[in-house]
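The values are calculated or read from the model by the stated rules, or taken from the named source; none is laboratory data. The model shown is predicted, which means the values in this text are computed figures rather than measured ones. Ideal geometry is used to build each Cβ from the backbone, glycine not excepted, and the neighbour counts take in all protein chains shown. Areas reflect the complete protein model, heavy atoms only, side chains present, ligands, DNA and RNA absent. Shrake-Rupley method; radii C 1.70, N 1.55, O 1.52, S 1.80 Å.
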Protein chains: 2
Amino acid sequence: MRILGIDPGLRRTGFGVIDVDGPRLLYVASGTIVVPSHLSLAARLKTILDHIREVAAEHRPDIAAMEKVFLNTNPTSTLLLGQARGAALCGLADSGLEVHEYTALQIKKAVVGSGRAAKEQVQHMVQRLLALNGLPAPDSADALACAICHAHLQPVALALSRNKLLQGTGRMRNGRLLG
Amino acid sequence: MRILGIDPGLRRTGFGVIDVDGPRLLYVASGTIVVPSHLSLAARLKTILDHIREVAAEHRPDIAAMEKVFLNTNPTSTLLLGQARGAALCGLADSGLEVHEYTALQIKKAVVGSGRAAKEQVQHMVQRLLALNGLPAPDSADALACAICHAHLQPVALALSRNKLLQGTGRMRNGRLLG
């Protein structure tokens, strides 16, 4: 299973792609979509939309994962983040991807083992878990951490789905349980 | 010139299309995109994205107009509206449309003549200005009001552009001034 993790933002949107092979996690790609700030809002959102579609077309993930949003106390920031997030979700949905959302707590717990981990600890653990040569950039690390979180929590969901299937109470499509 | 006005929202997104023929405003179409609330967030945003692209493909507007956002005191509402707005802006930008944004004050002043107009007054004036047989639904009325606002404020911008062109300081593309 190939997972695309996204860390959305209006100025910088991080992405990270990993493969899950049984218990092994394999790094595929990661990077940051840097959005030119001189563009109009619509053009900036279109930059995010286009690049997410490009990443999805190039790496053909099976599923996407995104962090559930942290509500900023500044309403203007919340609105800007919301719009960037909307563009990123559109890019994923437009590429036919189902999106799973995880809280920052779930992601940190899955990657570092503690919900109170600092940003640097997340970067270090992402580097270790994916056997990277160097420390990933913050946006890439957050996107990869989100993908890793989905990889860790997915087996539980899958096992439940298989159980349901054996009992004849569920239907699968693209490896996901329906209904 | 054909203008597409949009009033975005995660549950209901209004759209309105008008033609501007000199001083005359002609109603073309309007409606509300009703987003099924049982869908995932990504699927709801994709509904908005898809329908906006459909409306743009069907009516082929030259330009789009949207209300600048009202910052809700509830951060969760602000985030949801931001995401819906991001999806609507992506749909417009994906259709090659430039988007102009106007404050609620500008829109009410352009349509009713007063920035303190009530929602019902906006509906009534939209009905009168476009010679509609019935009162437009609230979402459609807001979207049409936004398009009317652009029609009213556009001549000023155009005159300025033409002046610049005559002075050789501007370039035009699709009727818009560049640089």
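Per-structure values
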read-out	value
Carbon and sulfur %, accessible surface of chain A computed with the full protein complex present, 1.4 Å	52 percent
Over the range A:2-177, relative contact order from alpha-carbon pairs under 8 Å, at least 6 apart, %	28 percent
Protein heavy-atom accessible area occluded, A/B pair - total, 1.4 Å probe, Å²	2000 Å²
Exam field: residue A:2 pseudo-label spacings to other copies (7 Å along Cα-Cβ), nanometres	3.9
Complex-versus-alone comparison for the range B:79-97, residues with a loss of 20 Å² or more in accessible area, probe 1.4 Å	B:79, B:82, B:83, B:85, B:86, B:89, B:90, B:93, B:94
Delta accessible area of at least 10 Å² on complex formation, residues of the range A:42-57, 1.4 Å probe, chain isolated as reference	A:42, A:45, A:46, A:49, A:53
Label distances, nm, residue B:128 versus same residue in remaining copies, Cβ-directed 7 Å point	7.2
Extreme residue, positive dipole direction of the protein assembly as shown, given options B:113, A:20, B:49 (C-beta unit charges)	B:113
Surface accessible to a 1.4 Å probe, per residue, for the residues of the range A:2-177, Å²	49 Å²
Nearest-ten-degree value, helix B:138-166 long axis tilted from longest Cα axis of chain B	30 degrees
Normalised convex hull volume, the protein assembly as shown, alpha-carbon set, Å³ per residue	161 Å³
Partner chain coverage, peptide B:98-108 - average Cβ within 10 angstrom	1
Cα-based shape type of the range A:1-116, given that a ≥ b ≥ c are square roots of the gyration tensor eigenvalues and the cut on a/c is 1.5	oblate
